[in-house]
């Protein structure tokens, strides 16, 4: 009897320990070797607590819910994934893709006044773009929330990697991007494409400049919930999936102008830039030449300055970077300037007197300057703030 009681107590202790282990935070478990997945449920199964409970019972470790795509991000052992794939409640299981910031660091300093802002004639548009505000989300590594050249324009922030922390930048990439969009006209540092644009830091990438698709999707959800008008994504992955595209479609349908870097590998356009709902941007230099490393393909929509771009950086500093990551925010800034202006009869394709994403894209493309390259390299050409706001 004593042995039986001992065995019974041991079983209870082991069961209790496993229950505690399954409910520990993700960081407390050994998950480094377990694949990260996005489990997407059927449309008729939208109960979030039930989804989480059901996945835990199947052996998954929960990371976060993704209501935008009716999914849950999880650590999913292969045997659990095999078991789930046959379940009628499951629509599909996507990889939680690794997403990277897109930049080419350069050590050389350049002009204090950014040549790119001048090249796209942004300053010529400022007299026409006053009177109300435009909200631009920087979906990236965050923004230096205390930077003196950005602070006045930063109106909100979120951290989808760790909701207990702010959207403050611990890498520098997002801060550089933000300065290109909307560095303040305050006599110091640099001036952005639209110095009165409101900035929102949506931190989805870590201090290493990389992150997970699930965090990006949550960031896109935040943009929809908070009624962002433009979202800049100077990030990308070599492949996409349905969860990524569904999130992009939802943001597009919510009226957000989506802009993304084409990539710096001298090859195919990265995702999300490759999606048709997104304005994909190639890079050009001071001589209006497109560098060999700027990705190309039928998805490229526009070109913008992206070589030796001087902009804001972490801890109040400034830095020169190159890449389509620097080109995209020039376009995001011009898109915001277009939203400042009334939509004309010719531009209002659906007659609702409101700028829609397709109307903004069309305006930018029809007013772009041909650089002499084929459309796979330059898209419609170099974006022009002056012409797009007339």
Requested in this report: Say whether the condition of being in contact with a strand residue (DSSP E or B) (Cβ under 8 Å, 6 or more places away or on another chain) and part of a loop (DSSP other than H, G, I, E, B) is met by at least one residue in the stretch 215-222.
Outcome: no
Query raised in the report: Restricting attention to the stretch 344-390, and to residues there that are touching a helix residue (DSSP H, G or I) at 6+ places or on another chain (Cβ under 7 Å) and farther than 26 Å from residue 116 by Cβ, which single residue is surrounded by the fewest Cβ atoms within 10 Å (Cβ to Cβ)?
Result: 349
Query raised in the report: Got a number for residues in the stretch 235-268 being part of a helix (DSSP H, G or I) and over 27 Å from residue 207 (Cβ atoms)?
Result: 7
Requested in this report: Please verify whether the stretch 298-305 includes one or more residues that are over 20 Å from residue 265 (Cα atoms) and assigned by TED's automatic domain parsing to the domain that holds residue 136.
Outcome: no
Query - Qualifying position, being assigned by TED's automatic domain parsing to the domain that holds residue 113, in contact with a strand residue (DSSP E or B) (Cβ under 8 Å, 6 or more places away or on another chain) and either surrounded by fewer than 17 Cβ atoms within 10 Å (Cβ to Cβ) or part of a helix (DSSP H, G or I) (or both), among 181, 158, 202, 190 - result: 181
Report task. Working carefully through the options 110, 31, 19, find the one that is under 27 Å from residue 220 (Cα atoms), modelled with pLDDT under 90 and either in a loop (DSSP other than H, G, I, E, B) or outside the structural domain of residue 260 (by TED's automatic domain parsing) (or both). Result -> 31
Query raised in the report: surrounded by fewer than 20 Cβ atoms within 10 Å (Cβ to Cβ), in the same structural domain as residue 258 (by TED's automatic domain parsing), in contact with a strand residue (DSSP E or B) (Cβ under 6 Å, 6 or more places away or on another chain) and assigned to a loop (DSSP other than H, G, I, E, B) - does that describe any residue in the stretch 125-141?
Result: yes
Report task. Restricting attention to strands (runs of 3 or more DSSP E) lying wholly within the stretch 269-373, give those where 1 or more residues are in contact with a strand residue (DSSP E or B) (Cβ under 9 Å, 6 or more places away or on another chain) and without any contact (Cβ under 8 Å) to a residue 60 or more places away in the chain. Result -> 278-284
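The values are calculated or read from the model by the stated rules, or taken from the named source; none is laboratory data. In this text, all values refer to a predicted model and were calculated from it rather than measured experimentally. Backbone-built Cβ (ideal geometry, glycine too); neighbour counts: all protein chains shown.
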